[in-house]
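Worksheet: the structure to be examined is printed underneath.
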Amino acid sequence: MSATAAEVLTRSERPSRRRLHPSAAIGGTIVAAIVLLALVALFWTPYHATIPSDQVLAPMSGHHPFGTDEYGRDVLSRLMAGAKLTLYAGAISVLIAVAGGVPVGLAAAAARGSIVDDLLMRAVDLIYAFPALLAAIVLAAAVGASTTTAMLAIGIASIPVFARVTRAASLQVLGSEYVLAARAYRRSTLAILWRHVLPNIRALLIVQASLLYAIAILAEAGLSYLGLGTPPPAPTWGAMVQDAQQYLGRDPLLVFWPGIFIALAVLGFNLLGDGLRDLLDPRLREQR
Amino acid sequence: MTPRYFLRRLVTLVATLFAATLVVFSLLSVLPGSPAQVILGTQATPASVKALTQQLGLDHPLWRQYVHWLHGLLTLRLGHSYISQLPIGSQIGRSLAVTGPLIGFGLLVGIVIAVPFGVAAALFRRNAAGAAITSLSQVGIAVPNFIVGLLLILVFAVRLGWLDASGFTPWSQSVWAAFKSLVLPAIALGLVEGALLSRYVRSAVLDVLRSDYLRTARAKGLSRRQALVRHGFRNGAIPVVTVLGLEIPSLIIGAVVIENVFTLPGVGTLLLQAVSNRDLLVVQDVVMLVAVVVLVVNFLVDASYRLLDPRLR
Amino acid sequence: MTTLLEVESLTVEIGRVRAVSDVTFALERGERVGLIGESGSGKSMTALALIGLLPDEARATGRVSFDGRDVLRLPERDRCRLRGNRIGMIFQEPMTALNPTMRVGRQVAEVLELHGRSAGVHELLARVEFRDPERIAHSYPHQLSGGQRQRILCAIATACSPALVLADEPTTALDVTVQAQVLALLRRLVAEEDAALLLISHDLAVVAGVCDRLLVMFQGELVEQGPAREVLASPRHPYTQGLLATATALDGAPRGSVLPTISDFLEVA
């Protein structure tokens, strides 16, 4: 039986899964590679990442595949240690955003239209007024810069995104017929949220988390670059760029290797998020 | 958009602004140590510290200090910094003369990049050119803007010597020189924004291309291009303008970083210096400035979005 | 010669799929023909081929002769002169067929200006039974109901007195009561212009009430055609038989019996 024209039309209009799988695959590979690097760095790096030596500003070689920096520290080892720090900071930031944003979004959706909903979303809007950098600056001014302030700043600044997405998605699920049925059975709101809403928005949240991870990495890099993240001599990729900046003319690669790694990490999580979204989208669409 | 709705939003805006001042003030007033001590140094006698504290009004109850500060903000009489003794108002004013134009040019660069690339990506989505543009934009949003800035410095300042890597000549001295010192920073700021915006442009154009009203327009006898221009432009512009407005906070943040890369004496530099000098009053004021700009811009974007789209009026 | 439109061996392929397969039929001046088929039968694709608005990925072969010229081989510029002018088309979704950010009056005026007609927008709106055309012309689409929007689309399609009107499921997305109104309007407009009408639908009732001749499409092929009365009274193709049987199955069916489906009439291919 030949395929009908209608099927053909929808298939050519919707991006075919086959064409977008590369996104998830490439993204996933990059992320996996960086995770691997970080895991290895937990136990071993070729040289010590923070102890100086006298081999200052050495070019790329067999001993030092990425050369050494102005204190004679092996760049590869620092990049690996930086991967550790980057992934850690990103993870905690996302966790904070999820832990803060999802409950707020759920509560707002459940209380839709009421004062509670209004207040919650206004509070979320207030956070929106303080972009991550600003929050990090305020915290740094208050208690001094550290990894914690950076993660807190980025995490809290990202709560609005999660809250809004969660609320919107939850409202859709709450409006569906099986929730109506659940309500008819007098199930409590909490039970409905837990058993019906959460499982259905889970996929969407995972996609959002991946995309947020990318943003968090970028933000953390910016903060470290400005000196508002983990204090020296921690080899965060952003700090490495700042340190190497004065040698831009002499040894440009010293500046750009950490930059490339930042870009790769961000790219990886972005592609992963996009790929996941397209993979899960048809399923999400069917639920409407 | 009814006047009543507009009024409600305005009230919300004002309330949020107040809440923001509370947040900023409380965060920065819970600090250990006294500013007077910091100013006078560790050698100072307790008596002189106490005298200075009284002089600066820092022994008043917190709520009084808050009201005093708020009053200063509203009347724009911002006083002087404890640390540098310089008038805060003029400091901020001078730094705005750098950051404001920087953000403006950056936005311009971003739009100039985003529109052609986004439209092209949508129109050529079935072939290699479209795929290339989309991949390029993915890379573009992944690269940090300070890296782009450093790359530009390397090529145009260090290797080619066409422009300076840092510094800023005040507008009052030489408009051309001031402009030149903003070129590379604006490009660095705008390139990354442009990459991001191009994705929204692409999505907007695609929505138009797939729309039913475009098909109706073609059925009337309009050519492809006529239909796109006459019917697609406004519909496509609405989501893009909205995103543009929402990206302004990101531009502000980006400007802070870029100023650091290019050593420009803008708001970002002022803020960071104040932080490292523990010049809290300046920090408070500048943070509030940024928060106010972000909130007001969001409000304006919301209003204009509703004006543009007749369905929302 | 009163033959307005001659379609010969029209085949439309998208990718590896044949949406329309070797379709041949003709339309006389002023004739009202109904094209029935289920979704996926290729009827919409056929209509799009007639005005040259097939999607870019589609490849069409055969001949579509209108006004003596082959539409498939005409340069785009000439096709633009036909559309909205000699051939008007009405699509299925009135809710999204109009530009949401442009006032209705301007959208109607556009087709008049494009083809150099001097008729007035208000006249046209009055012709499609709007009692206050000034207000309607000044409105935005979202301020109007689905039925109202479809009437405006009818006005646009017939604005330049076309010789052929293509209507692709014009009432499917409308409430039943409004359907009747729009169908009656369409009949009237087509009669006034002495235009030919190709009415496409999956709904027998819609088509039977309006059309003199019927074409039945199934899986891209034209499986039956003939005068409406004949086709309805003695359908020859199993699909048409199934369509008719299921359309009237409910009348007089004994309680508890199993209703027939179309696939009962077809052998599984």
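Laboratory data are not the source of any read-out in this text; all were calculated from the coordinates shown. Only a predicted model underlies this, so the values are computations on that prediction, with no experimental measurement involved. Cβ: placed from backbone, ideal geometry, glycine included. Neighbour counts: every protein chain shown.
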Considering the zone a paramagnetic label at B:Ala51 would reach in this model (a point 7 Å from Cα along the Cα-to-Cβ line), which residues of region B:68-94 have amide N under 19 Å from it?
B:82-83, B:85
Placing each pseudo-label 7 Å from Cα in the direction of the beta carbon, A:Ala111 and B:Val30 end up separated by a distance in nanometres of 2.3
Could you give the length gained by full extension between B:Tyr66 and B:Asp212, i.e. 0.36 nm per residue of separation minus their alpha carbon distance, to one decimal place?
46.9 nm
If you count, for every residue in B:168-178, the Cβ atoms of partner chains within 10 Å of its Cβ, what is the mean?
0
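Determine how many Å³ per residue the convex hull of the Cα atoms of region B:83-182 encloses. List each step's numbers first, then the result.
Working: hull volume 14.5 nm³, N = 100.
For region B:83-182, the hull spanned by Cα atoms encloses 145 Å³ per residue.
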The FRET efficiency for C:Arg229 and C:Ser161, from their Cβ-Cβ distance with R0 = 30 Å and rounded to 0.05, is 0.50
Would you list the P(r) distribution for chain A, with all Cα-Cα distances sorted into 5 Å bins from 0 and each bin expressed as a whole %?
1, 5, 10, 13, 14, 13, 12, 10, 8, 6, 4, 3, 2, 1, 0, 0
Need one number: nm distance between label points at B:Leu108 and B:Val296, each 7 Å from Cα along Cα→Cβ, rounded to one decimal.
2.2
All other residues with a Cβ under 13 Å from the Cβ of C:His142 taken together, and with Lys, Arg as +1 and Asp, Glu as -1, what is their net charge?
+3
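Cα gyration tensor of region A:90-168, axes a ≥ b ≥ c as square roots of the eigenvalues: rounded (a/c below 1.5), prolate (a/b > b/c) or oblate? Don't skip to the end; give the middle numbers.
Values: a/c = 3.29, a/b = 1.98, b/c = 1.66.
Verdict is prolate for region A:90-168.
Using only C-alpha positions, report the orientation-averaged shadow area of the convex hull of the protein assembly as shown, nm², one decimal. Walk me through the intermediate numbers first.
Values: hull surface 189.1 nm².
Spelled out: convex hull of the Cα atoms, projected over all directions, averaged, 47.3 nm².
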If the elastic network links every pair of Cα atoms under 10 Å, which of C:Glu93, C:Glu57, C:Glu38 fluctuates the most in the Gaussian network model of chain C?
C:Glu57
Please give the length that would be gained between A:Tyr71 and A:Val56 if that part of the chain were fully extended, namely 0.36 nm times their separation in residues minus their C-alpha to C-alpha distance (nm, one decimal).
4.8 nm
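Can you say what percent of the DSSP beta bridges in the protein assembly as shown, counting only those with both residues inside, are antiparallel? Round to 5. Provide the component values of the computation, followed by the final result.
Numbers: 26 of 45 bridges.
Antiparallel: roughly 60 percent of the beta bridges in the protein assembly as shown.
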Stokes-Einstein D for chain B at 10 °C, 1.306 mPa s, Kirkwood Rh over Cα pairs, in µm²/s?
70
Can you give me the angle between helix C:146-158 and the longest principal axis of chain C, using Cα atoms only, in degrees from 0 to 90, rounded to the nearest 10?
80
Each label sits 7 Å from Cα toward the beta-carbon; between B:Thr2 and C:Glu6 the label points are separated, in nm, by 6.3
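Out of every Cα pair in region C:3-234, what percent are spaced more than 23 Å from each other?
Numbers: 12474 of 26796 pairs.
Every Cα pair in region C:3-234 considered, those over 23 Å come to 47 percent.
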Counting only complete DSSP H runs, which helices of chain A cover 30 Å or more along their long axis at the Cα atoms and score a mean Kyte-Doolittle of 1.0 or above?
A:17-43, A:75-110, A:198-226
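Run the numbers for C:Ser145 and C:Glu192: contour at 0.36 nm per residue of separation, minus the present Cα-Cα distance, in nm.
Using 0.36 nm per residue and subtracting the Cα-Cα distance, I get 14.4 nm.
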In percent, how large is the relative contact order of chain B, given Cα pairs closer than 8 Å and 6 or more residues apart?
25
Expressed as an acute angle from 0 to 90° and rounded to the nearest 10, what is the orientation of the C-alpha long axis of helix B:175-209 relative to the principal long axis of chain B?
50
Taking r as the C-beta separation of C:Leu53 and C:Asp203 and R0 as 25 Å, the FRET efficiency to the nearest 0.05 is 0.60
Go ahead and set up a Gaussian network model of chain B, Cα springs under 10 Å, then flag whichever of B:Asn235, B:Asn127, B:Asn298 fluctuates most.
B:Asn127
Highest GNM mean-square fluctuation, chain A, Cα pairs closer than 10 Å: which of A:Ser176, A:Ser93, A:Ser210?
A:Ser176
State, as an integer percentage, the relative contact order of region C:34-127 based on alpha-carbon contacts under 8 Å between residues 6 or more apart.
16
